[in-house]
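Scroll down for the structure; my scribbles are underneath it.
The values are calculated or read from the model by the stated rules, or taken from the named source; none is laboratory data. If you're wondering where the values come from, they're calculated on a predicted model, not measured in any experiment. Positions of Cβ are generated from backbone atoms using ideal geometry, with glycine treated the same way; all protein chains shown enter the neighbour counts. Keep in mind that these areas ignore ligands, DNA and RNA; they rest on the heavy atoms of the full protein, side chains included. Shrake-Rupley method; radii C 1.70, N 1.55, O 1.52, S 1.80 Å.
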Amino acid sequence: MTAFEYAPAPESRSVVEIKSSYGLFIGGEFVEPTDGAMFKSINPATEEVLAEVAEAGPADVDRAVRAARTAYEKVWGPMPGRERAKYLFRIARIIQERSRELAVLESLDNGKPIRESRDVDLPLVAAHFFYYAGWADKLAYAGFGPPGRPGAEPRPLGVAGQVIPWNFPLLMLAWKIAPALATGNTVVLKPAETTPLSALVFAEICQQADLPPGVVNIVTGAGATGRALVEHGDVDKVAFTGSTEVGRQIARSVAGTRKKLTLELGGKAANIVFDDAPIDQAVEGIVNGIFFNQGHVCCAGSRLLVQESVYEPVLEALKRRMTRLRVGDPLDKNTDIGAINSASQLERIRTLSAIGAQEGAEPWSPPCQLPDRGFWFAPTIFTGVSQAHRIAREEIFGPVLSVLTFRTPAEAVEKANNTPYGLSAGIWTDKGSRILWMADRLRAGVVWANTFNKFDPTSPFGGYKESGYGREGGRHGLEAYLDV
Ligand code: NAD
């Protein structure tokens, strides 16, 4: 029963001015690509073209790496940490000042609800810059200095080539750029081809902050541009977030070179609900775990493991809660689930869901009317899922949950770990001792207890197995950018 209808509450689009076309950000200024190639970035909720963006070829990538090298040698590398910190604090403050504009831009280009870009992405982006700004003058005390020389500064690596995905465009940029700059490296970053716009406005913020030219360079383009960057001979460090498949290719191309590599890849997290868990809270956590950001989350709780004795009440409460989810206009402040980021991602979600049904699992979605234009997928749960089903093994990266059951804690651990991935997991129980027992046995980089999808810049994040290696965030996140 619906008590009342929500009136539309759209955030104003006019707070952001999108240019009709963007060049590459190299050496502190926007420049045309060498061969003039451009591509379009569209709004996935409407399929409207938002802007044309330059596609960097190998010559442009080379130009960006050279700008980063010069800035590293002449300015940023030699600059004392306390001076670097000032720039990072300044960037963090400008991000806060411009957060409404950036949130709207992110929702337009990515399709995520404004409630999330405004209340989750942007505050975390600013927090990352503030946090790593604080480390810039304290690196000697971070525990990574030269052995036998307490208090000596650890050395940066040089030029970092960074490639990021489309699910949290500005947040992934912050995770990459903030620690790299704090530790004295310069960067060339390639945003994803479907979400380049917030990185380009970040380039404007670097200008506004008077960041020395060449310290941050942004090259836009697709996979070929990313490849030219990670394979460039003068890059000292490669940081990649994206699919396991591309991560493997990059690991192969970097093998045998002096480049240092960190990989943040996919996941297939188990969200485990015990019979003593407070059901309403657990249901909020399940919904947040899989429907936050349309399920485009590497650490999404995409496999729900429910203890058999509470299977029915949990499923009933989950379905009831799902009928209340509002799918639609990402700029509406009441929207819970926005648009799927691209036609190709929608295709992937549809294909895997169809395979789930063919293999015998049973799909369920609440009644919901999807907009006519744009890329949309109704929130969906599959019951009757077995470990062998592809929807229980492969990352769908969409609003699709596979529900499995277990009887004992040991069986829950066994099922949770039965995956090639190992990024995150969730545990819902009233017993502290059980949380610790489980957390000890789960092969996952992050384990949340009685909550899910909580992020903090002070806390390291990263995976085991095919979810990658290296940690981002916290003191651990410094290590990836230091010569230790
Ligand atoms: P993707 O691997 O296709 O693309 C990621 C980025 O790599 C994009 O910028 C793309 O242009 C670039 N790229 C593509 N081919 C390349 C190549 N050969 N060399 C260099 N760069 C290349 O992944 P996607 O579909 O954009 O993102 C979804 C995936 O990212 C999911 O699997 C998800 O789990 C993962 N992800 C992981 C994390 C994490 O922190 N572990 C965070 C977000 C997303």
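Brief remarks follow.
- Of Ala251, Ala192, Ala152, Ala224, all but one fail to be open to solvent by 10 Å² or more (accessible area, probe 1.4 Å), near the ligand (Cβ under 8 Å from one of its atoms) and over 22 Å from Phe130 (Cα atoms); the exception is Ala224.
- Residue list for region 350-399, filter: away from the ligand (no atom under 16 Å from the Cβ), acidic (Asp, Glu) and over 21 Å from Val314 (Cα atoms): Glu359, Asp372
- Qualifying residue in region 121-143 (condition: touching a strand residue (DSSP E or B) at 6+ places or on another chain (Cβ under 8 Å), within 16 Å of the ligand (Cβ to nearest atom), β-branched (Val, Ile, Thr) and on the phi < 0 side of the Ramachandran plot): no
- Residues of region 121-160 satisfying the condition of being out of contact with any helix residue (DSSP H, G or I) (no Cβ under 7 Å at 6 or more places or on another chain), free of Cβ contacts under 8 Å to residues at least 40 places away in the same chain and farther than 29 Å from Ala67 by Cα: Pro123, Tyr141, Pro147, Gly148, Arg149, Pro150
- When residues of region 438-472 are limited to those that are of a type in the set (S, T, N, Q), open to solvent by less than 60 Å² (accessible area, probe 1.4 Å) and more than 10 Å from the ligand (Cβ to nearest atom), the one farthest from Trp135 (Cα to Cα): Asn450
- Residues that are touching a strand residue (DSSP E or B) at 6+ places or on another chain (Cβ under 9 Å), open to solvent by 10 Å² or more (accessible area, probe 1.4 Å) and more than 9 Å from the ligand (Cβ to nearest atom) were ranked within region 227-247; the one that is farthest from Ala180 (Cα to Cα) is His232.
- Residue within region 209-220 that is crowded, with 24+ Cβ neighbours inside 10 Å, farther than 18 Å from Phe30 by Cα and within 10 Å of the ligand (Cβ to nearest atom) present: no
- Selection status of Arg348, part of a loop (DSSP other than H, G, I, E, B) and either hydroxyl-bearing (Ser, Thr, Tyr) or open to solvent by 30 Å² or more (accessible area, probe 1.4 Å) (or both): no
- Of the helices (runs of 4 or more DSSP H) entirely within region 25-113, those holding at least 1 residues that are over 19 Å from Val230 (Cα atoms) and not small (Gly, Ala, Ser) occupy 81-97, 99-110.
- Meets criteria (of a type in the set (Gly, Ala, Ser) and either closer than 19 Å to Leu171 by Cα or not in a helix (DSSP H, G or I) (or both)) for Ala277: yes
- Taken as a whole, the structure leaves Phe375 outside the set of residues that are closer than 15 Å to Ala270 by Cα, crowded, with 22+ Cβ neighbours inside 10 Å and among the aromatic types (Phe, Trp, Tyr).
- Filtered residue count, region 260-276, keeping only those that are away from the ligand (no atom under 13 Å from the Cβ) and open to solvent by 10 Å² or more (accessible area, probe 1.4 Å): 3
- Residue match in region 366-376 (condition: in contact with a Pro (Cβ under 6 Å, 6 or more places away or on another chain), touching a residue at least 60 places away in the same chain (Cβ under 8 Å) and not small (Gly, Ala, Ser)): yes
- Within region 301-331, tally of residues that are crowded, with 21+ Cβ neighbours inside 10 Å, touching a Phe, Trp or Tyr at 6+ places or on another chain (Cβ under 9 Å) and either hydroxyl-bearing (Ser, Thr, Tyr) or touching a residue at least 60 places away in the same chain (Cβ under 8 Å) (or both): 5
- For region 279-297, a tally of residues being in contact with a Phe, Trp or Tyr (Cβ under 8 Å, 6 or more places away or on another chain) and either open to solvent by 10 Å² or more (accessible area, probe 1.4 Å) or over 30 Å from Arg118 (Cβ atoms) (or both) returns 2.
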